[in-house]
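Notes for the one structure printed next.
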Amino acid sequence: MASKAKSRWADDEADAALEAQLKKEKEEKKRLKAEKARRLEEEKKAREATAAAAQAQAQAEGDGANGPPAKRRRISPERETAQAAAASDENTNAPKLLRFGGGAFGRPRSVENYDKLNDIEEGAYGWVSRAKEVATGEVVALKRLKIDPKDRGGLPVTGLREIQILKDCDHRNVVKLREVVVGDDTSRIENIFLVLEFLEHDLKSILEDMPEPFLASEVKTLLRQLASGVAYLHDNWILHRDLKTSNLLLNNRGQLKIADFGMARYVGDPPPKLTQLVVTLWYRAPELLLGTSRYDGAIDMWSVGCIFGELLTREPLLQGRNEVDELTKIFELCGVPTEESWPSFRRLPNARGLRLPSSGGRATGSTIRAKFPLLTAAGVGLLNGLLALDPEKRPTAKEMLAHEYFRQDPKPKQEAMFPTFPSKAGQERRRRRETPNAPARGQQAADLGAVDFTGIFSGREREERGGGFSLRMV
Amino acid sequence: MSHMSNPLATPDQLFQRRSIDALPIELQDAIFFATQCLTQAAGILLQLPQSVTAQANVLLARYWLVEPMMSHEFSDVSAATIYLTAKLSAHPRSPRDLANVYAYLLSRSTAFFHNPKNPPPPPPNDPSSYYLSEAAYHAFRNRVLALEARVLCALAFDTHVALPHPLAVTYLQALEFLGVPKDRIAKKAVAYLNAALLSPQMLYLTSQPNALAVAAVYNAARDIGAKMPECEWWEVFDVEREELGFLVVGMRSVDGWGRKMRADLKGMMRGAERGMVTRRDVEDELRRRGVEVVVVRAASGNEVDAEEEAARRMDEKMASLEAGG
């Protein structure tokens with residue numbers, strides 16, 4: 001009977017199949033890697049050969065012509081001397097000019113260069129799937145734009161803006177757009193794919209699935225990366241306008257990247273008139289809810305504050321059912337706006353008819369401190385700042401990066417030390433931990449026989465102590 | 001760095017201009033000039049900022065290095081590019097506005113392409129000549145939207161255009177406006193930059209914005225007689241003397257060349273009471289020159305028919321749907 005009991009613990013067929021599949025994938029990857037290395041080696045050799053040939057040729061030409069070519073005629077005398085000097089030592093005397101490489105333009109490649117692996121998700125903007133580039137074996141995310149043929153405005157402006165902005169961006173915390181590819185049938189353009197770098201996770205599904213919340217040090221790492229990405233965007237006059245956990249991607253090396261720029265746009269200073277219908281409701285700043293049409297980076301910082309709260313509790317911070325309910329939740333958490341806390345608040349379009357409880361009686365201040373009892377004073381200070389009702393009072397992304405919170409212990413965890421998670425997008429799943437079944441009826445009781453327990457507590461003295469309780473800091 | 005750099009034309013793309021089309025190069029230049037002028041005129045009537053219209057000019061120039069000129073009507077390409085850049089900017093314009101503006105510009109009453117220095121008797125303003133029927137509007141919109149997608153696809157959806165205008169102002173500030181009235185020299189420099197958009201040398205596709213800005217500042221300073229620094233000041237802005245010289249000459253030649261081009265174009269549109277050259281004009285011109293037009297006709301003719309057929313069928317379907325609902 002012992003053998004039968006044992007079989008319940010052992011790997012079942014599904015596990016074996018999974019194992020085999022993983023092994024196969026691994027082997028495939030290995031093969032591709034080897035192939036790539038070989039190709040690179042070949043290319044390098046070829047390049048070296050051509051470079052050597054070109055150099056030899058240049059040498060020969062230089063000997064023949066003896067000097068710069070005739071078309072580089074200079075008129076000013078000092079240049080002539082410079083030229084003469086340059087003949088002896090070109091590198092030191094030639095003016096060092098910056099060259100701005102902008103690349104070229106031309107037709108896009110075909111989507112046939114990629115093999116689809118699996119679908120990841122479908123959103124309002126399009127379909128995302130995981131794919132592999134045939135030539136290199138690299139895994140990418142393909143995002144197909146949704147095109148409504150009944151749309152009287154032509155191609156969707158959100159998709160075009162996303163392409164335009166992502167092409168201009170180059171930052172480690174912003175998702176990279178590698179290229180845009182189209183379907184093979186170019187007579188009718190309806191299959192447009194953005195080729196984005198693939199990241200294993202989005203923050204939202206991790207938060208939903210994780211059994212324990214992030215450690216304080218992990219929250220800091222994530223938040224610092226988010227702030228540095230947002231700082232880059234704002235530095236380049238880009239407002240994201242839809243920051244939320246499901247738009248933040250995370251890879252298995254602990255790197256966070258901001259994605260989904262469908263709502264994003266370039267702005268100027270002073271900010272132009274913009275639509276107030278931006279940002280998912282739960283992350284929408286109060287000035288947007290009150291109908292402002294001139295706003296700036298502070299609306300993104302409010303979303304960052306909401307994300308901060310969500311990272312701590314694994315639950316979206318302000319889950320309003322509609323705009324009014326959202327405002328109610330905001331005032332409950334951050335207090336009711338007053339003349340001191342938000343001087344210009346009454347001038348906003350939707351604030352005129354607002355009736356607020358008078359601040360005379362009960363406390364109408366912020367309850368953030370009480371809601372996050374385990375957060376340090378600096379953390380609460382930062383969260384309070386980000387969730388300041390008055391957009392003027394919120395810190396900019398740059399100010400946030402310099403905040404005391406990131407310098408305090410525990411320090412932000414190194415990205416490489418970040419825990420890994422099963423990737424939903426990569427079709428991995430958490431290993432089911434099966435608990436043993438109750439003993440079957442009529443089963444024979446196991447005979448323990450002679451067992452030695454003496455070793456169990458040896459080495460106890462060397463173990464670390466502490467961490468048995470946490471202080472409530474109010 | 002994106003506001004300092006543009007994707008440039010490759011030598012292959014520039015070379016192909018001479019082989020991609022059956023069109024002689026001077027005809028290509030004439031079409032290029034007329035269409036860029038049309039875009040500028042439309043930009044003014046649509047009340048778009050010059051930054052948006054100039055981007056449309058640059059995108060159109062890029063597009064024509066990828067696809068042959070004769071594959072679509074020139075005015076449609078102009079409308080599609082300006083629609084696209086306006087849509088991506090803070091000043092979108094509706095297809096309806098666009099259709100009205102282009103209907104006027106292409107009508108008999110248009111003031112477009114009449115020499116302002118030597119005006120002919122002003123065209124009689126006949127509103128019926130630019131009245132836009134609903135069917136004509138739908139056909140126009142469908143053509144422009146289809147072309148918008150084509151243009152985007154030909155450019156791999158890269159709509160990035162860095163204009164040299166703001167750089168020129170910044171450089172002038174750095175040079176303390178060379179001791180002359182600010183607005184005078186700045187206006188002159190910007191005028192050079194705008195004229196360069198029309199140049200058949202496609203200066204915006206062969207030089208980076210910093211070089212264009214320096215050349216415009218140089219030209220403006222010379223015209224006004226401002227004293228430039230003795231040293232090689234252009235190197236401060238990362239421009240080589242050689243490139244500067246090329247651009248200075250290129251920009252100065254646009255004015256005279258443009259005047260001649262206007263006269264040539266008028267000759268090409270013999271007898272037509274229009275401001276804008278069309279594909280039919282070009283085909284007639286080719287026939288007059290004895291160049292075999294058959295090839296061009298066949299290629300473009302089929303495509304047009306197929307497109308018109310598709311548009312017509314779509315309209316019919318829409319009509320039946322609307323009647324049904």
### Query
Based on the Cβ-Cβ distance from B:Arg241 to A:Asp409, what FRET efficiency comes out when R0 is 56 Å, to the nearest 0.05?
0.45
### Query
Can you work out the FRET efficiency for the pair B:His3 and A:Arg99, with r the C-beta to C-beta distance and R0 = 22 Å, to the nearest 0.05?
0.90
### Query
Dipole of the range A:213-260, Cα-centred, from +1 at each Lys and Arg C-beta and -1 at each Asp and Glu C-beta, to the nearest 20 debye?
100
### Query
How big is the B/A interface in buried accessible area, both sides summed, 1.4 Å probe, to the nearest 100 Å²?
3600
### Message
Using 10 Å bins from zero, what percent of all Cα-Cα pairs in the range B:25-105 falls into each bin?
### Response
19, 56, 23, 2
### Task
Against the globular-protein guess of 2.2 N^0.38 Å, express the Cα radius of gyration of the range A:201-473 as a ratio, rounded to two decimals.
1.27
### Summary
In whole µm²/s, the translational diffusion coefficient that Stokes-Einstein assigns to the range B:21-163, given a Kirkwood hydrodynamic radius over C-alpha pairs, 10 °C and 1.306 mPa s, equals 101
### Task
Give the cross-link partners of A:Lys273 among the lysines, using a straight C-alpha distance below 23 Å as the criterion and excluding same-chain residues fewer than 8 apart.
A:Lys393, B:Lys87
### Task
Under 17 Å from a label point 7 Å along Cα→Cβ of A:Leu374: give me every residue in the range A:314-355 with its amide N that close.
A:314-317
### Summary
Diffing the range A:411-419: the Karplus 3J(HN,Hα) column from phi (6.51, -1.76, 1.60, θ = phi - 60°), in whole Hz with x for Gly and Pro, holds 5, x, 5, 5, 4, 5, 8, 5, x
### Message
When 1/r is averaged over all different Cα pairs and the result inverted, which Kirkwood radius in Å belongs to the range A:284-412?
### Response
15.4
### Relative contact order [Cα under 8 Å, 6+ residues apart], the range B:165-261, whole percent
34
### Summary
Taking R0 as 35 Å and r as the Cβ-Cβ distance between B:Cys231 and B:Leu14, the FRET efficiency 1/(1 + (r/R0)^6), rounded to the nearest 0.05, comes to 0.60
### Query
Under a point spin-label approximation (7 Å from Cα along Cα-to-Cβ), what is the A:Ser458-B:Ala90 distance to one decimal in nm?
7.6
### Query
Under a 5 Å amide H to amide H cut-off, with H placed in plane at 1.01 Å, what residues pair with A:Arg265 once short-range neighbours are removed?
A:Leu239
### Query
Going toward the positive end of the dipole of the range B:165-261, with +1 on Lys and Arg Cβ and -1 on Asp and Glu Cβ, which of B:Val169, B:Gly256, B:Ala196 do you reach last?
B:Gly256
### Query
Full extension from A:Ser217 to A:Arg152: what is 0.36 nm times the residue separation minus their Cα-Cα distance, to one decimal in nm?
18.4 nm
### Query
Taking amide hydrogens as modeled 1.01 Å from N in the peptide plane, which residues meet the under 5 Å criterion relative to A:Val140, leaving out close sequence neighbours?
A:Ala131, A:Lys132, A:Glu133
### Query
Using θ = phi - 60° and the Karplus curve 6.51 cos²θ - 1.76 cosθ + 1.60, what whole-Hz ³J(HN,Hα) does each residue of the range A:21-27 get, with Gly and Pro shown as x?
5, 4, 4, 4, 4, 4, 5
### Query
Tell me, what HN-Hα J-couplings in whole Hz come from the Karplus equation 6.51 cos²θ - 1.76 cosθ + 1.60 at θ = phi - 60° for each residue of the range A:195-206, using x for Gly and Pro?
9, 10, 5, 8, 10, 5, 10, 10, 4, 5, 6, 5
### Query
Whose amide H sits under 5 Å from the amide H of A:Glu121, counting only residues 5 or more places off or on another chain, with H placed in the peptide plane?
A:Val128
### Query
Is there a pair in A:Lys329/A:Lys411; B:Lys187/B:Lys227; A:Lys33/A:Lys146 whose C-alpha atoms are over 29 Å apart, and which pairs would that be?
A:Lys329/A:Lys411; A:Lys33/A:Lys146
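The values are calculated or read from the model by the stated rules, or taken from the named source; none is laboratory data. Please read these numbers as outputs of a predicted model, since none were measured by experiment. No Cβ is skipped: glycine too gets one built from the backbone with ideal geometry, and neighbour counts run over all protein chains shown. These accessible areas exclude ligands, DNA and RNA; they are computed on the full protein's heavy atoms, side chains included. Shrake-Rupley method; radii C 1.70, N 1.55, O 1.52, S 1.80 Å.
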